[in-house]
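Remarks on the structure that follows.
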Amino acid sequence: MPGKVWVLETSTKGTGANMVPLERVLESPASNSTAPVHVPRKPPSRPAVEPEPRAPRRFKIVDILTRQVLGEDVSARETIEVLRGVRSVVDVNLYVWEPGHERWRLLTVAEQGVMWELRERR
């Protein structure tokens, strides 16, 4: 009397392969062969929205010791000119106008460094 024939079943999900009797594999159809294939539709294309042109940045310069405003609502060029009359970058606070938030934002140290480098170029 011959023994059972065992086969390696590899259709398990993430658990590896199992040894199962050959009769079990022959009785059940392959689970993936009759499954319908779902192909999602492509989403409708949206018209390209052109971004609004960004307004030029506006700056505010405030002396740290006296809290005197040295320049407010000035362009980058005018800000550089005001900085030429300042002894050190730590003597002033530089702000930029944030139109989305409707407030002045203090420039980061790196941003202030860029403005100071522009002052030194000329």
With all protein chains in place and a 1.4 Å probe, W104 shows an accessible area in Å² (nearest 10) of 60 Å²
Per principal axis, largest first, the Cα atoms of region 36-122 extend in Å by 75, 24, 22
With -39,500 (n - 2.57) per DSSP H segment of 4 or more residues and division by the full residue count of the chain, the 222 nm estimate, nearest 500 deg cm²/dmol, is -6500 deg cm²/dmol
Averaged per residue, the 1.4 Å probe accessible area of region 73-122, protein heavy atoms only, in Å², is roughly 68 Å²
The set of residues whose placed amide H lies less than 5 Å from the amide H of L107, leaving out same-chain residues fewer than 5 positions away, is L94, Y95, V96
Order by accessible surface, 1.4 Å probe, largest leading, for residues T79, T66 comes to T66, T79
Sorted by chain and then number, the residues having a modelled amide H within less than 5 Å of the amide H of E9, at least 5 places away or on another chain, are N18, M19, V20
With every protein chain kept in place and a 1.4 Å probe, the residues K60, K42, K4 fall, from largest accessible area down, as K42, K4, K60
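The values are calculated or read from the model by the stated rules, or taken from the named source; none is laboratory data. None of the values given here were measured: they were computed from a predicted structure. With ligands, DNA and RNA removed, areas are computed over all heavy atoms of the protein, side chains included. Shrake-Rupley method; radii C 1.70, N 1.55, O 1.52, S 1.80 Å.
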